[in-house]
Amino acid sequence: MRILLTGGAGYIGSHTYVALCAAGHTAVILDNFSNAAPSVPERLAQITGTVPAVETGDVRDADFVRRVLKDHEIDAVIHFAAKKAVGESTQKPLEYFDHNIGGFVTLTRAMAELGIFKLVFSSSATVYGEPDQLPITETATRGHTNPYGMTKLVCEEMIEAMSAADPRWICGVLRYFNPVGADESAMIGEDPKDIPNNLMPYIAKVAAGELPEVQVFGDDYQTEDGTGVRDYIHVSDLAQGHVLSLEALERDGTGHVVNLGTGQGVSVLEMINAYSEACGRPLPYKIAPRRAGDIAACYADPSLAKEVLGFSATKTLQDMCDSSWAWLQYSKTV
Ligand code: WQD
């Protein structure tokens, strides 16, 4: 299949490019490079041996999107392009609505005009808000606790309405838990511009000596060691989930909504210990106050993805930390 990856130069998009190439698909990258280094495509060429076709522009530009879909004879789209910082979304909600919802509408209208109705949508476990039971199944109540989560929920509901109105829409909705780690080549990985909000890239900067110590946001949660528990999934496993989702749409002719997680909860302290193992030295940390909006624990019931897509995460917590550390070493050279 000929696949368009919107936001394809980003963290998850670039790893999905690698997985699609390995599965024999042709992938085209559409990206405005607002949150991706210009060198990503050439590194993807080195990893896959396939020079990616890259279209630089914004998914909110309808004429641009239509031209790209037509010129590259696209069969299906995986839509990553969106802003994704929870904290930033509370300060700039309109920017998030414009990019994440406006971009989604522009993209899907252009797709429909050109008769392209296969879509894989990058959603998030954040649509579950504060889970009322664990592990979280796809039938759990949805809600949102911030504008970023609201945009993901709205796009999911738009997909439901589009599919009900026009059965030609065949959509895969993938609810990511916590993506971490890097490709085995160590040549692509999470590359945050400023001080990272998320745990693993923050720990990585401490391991690299770029930040003094890890701030553990609270150790008084109702969890085994009192620190926050999340379902971390290796980004390469996540990328493979996208390939399987796409192939299921093609094969089954029906859509799906699935969690992409490991089903295992890992605490902040467990993550720090595993990263210490990866970088070969104990990492300094300090117990800090809880972060506003954080929940104690969140991890997936991954069984539906297994049943519908044949997806299971394969990589361990140590694989996640080892690959992140290897990427961090490489990233200093690019
Ligand atoms: C993980 C745990 C923190 C940083 C967010 C978004 C979610 C998704 C993934 C997009 C929590 C603790 C963190 C730090 C810490 N993004 N922590 N010190 O909040 O689960 O999810 O990223 O889809 O939408 O909400 O991930 O990595 O920020 O936090 O103690 O410096 O680590 O309290 O328990 P989170 P996170």
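Laboratory data are not the source of any read-out in this text; all were calculated from the coordinates shown. Owing to the predicted nature of the structure, the values given are computational and were not obtained by experimental measurement. Backbone-built Cβ (ideal geometry, glycine too); neighbour counts: all protein chains shown.
A few notes on this one:
- Cβ crowding within 10 Å, taken as a proxy for footprinting-reagent exposure, orders V59, V229 from fewest neighbours to most as V229, V59.
- When the Gaussian network model of the chain links Cα atoms closer than 10 Å, the mean-square fluctuations of T262, T108, T223 top out at T223.
- Placing a label point 7 Å from the Cα of M1 along the Cα-to-Cβ direction, the residues of the stretch 158-172 with a backbone N closer than 14 Å are 169-172.
- Straight-line cross-link partners of K286 among the aspartates and glutamates, defined as a Cα under 17 Å from its Cα and at least 8 positions apart when in the same chain: E210, E213, D219, D220, D225, E270.
- Potential lengthening between Q318 and V154 on full extension [0.36 nm per residue; Cα-Cα distance subtracted]: 55.5 nm
- Listed residue (P135, G115, Y148) projecting farthest to the positive dipole end of the stretch 87-236, Cβ model: G115
- The stretch 179-287: relative contact order in percent, alpha carbon pairs under 8 Å with at least 6 residues between: 34 percent
- Cα centroid separation, the stretch 110-158 to the stretch 279-334 (Å): 21 Å
- Only the Cβ atoms of Lys and Arg (+1) and of Asp and Glu (-1) were treated as charged; on that basis the dipole of the stretch 12-122 about its Cα centre amounts to roughly 220 debye.
- Across K152/K205; K84/K332; K84/K118, pairs whose alpha-carbon gap is larger than 26 Å: K152/K205
- A Förster distance of 41 Å, applied to the separation of the beta-carbon atoms of Q46 and D132, puts the FRET efficiency at 0.35.
- On full extension, the segment bounded by D166 and T141 gains 6.4 nm, given 0.36 nm per residue less the C-alpha separation.
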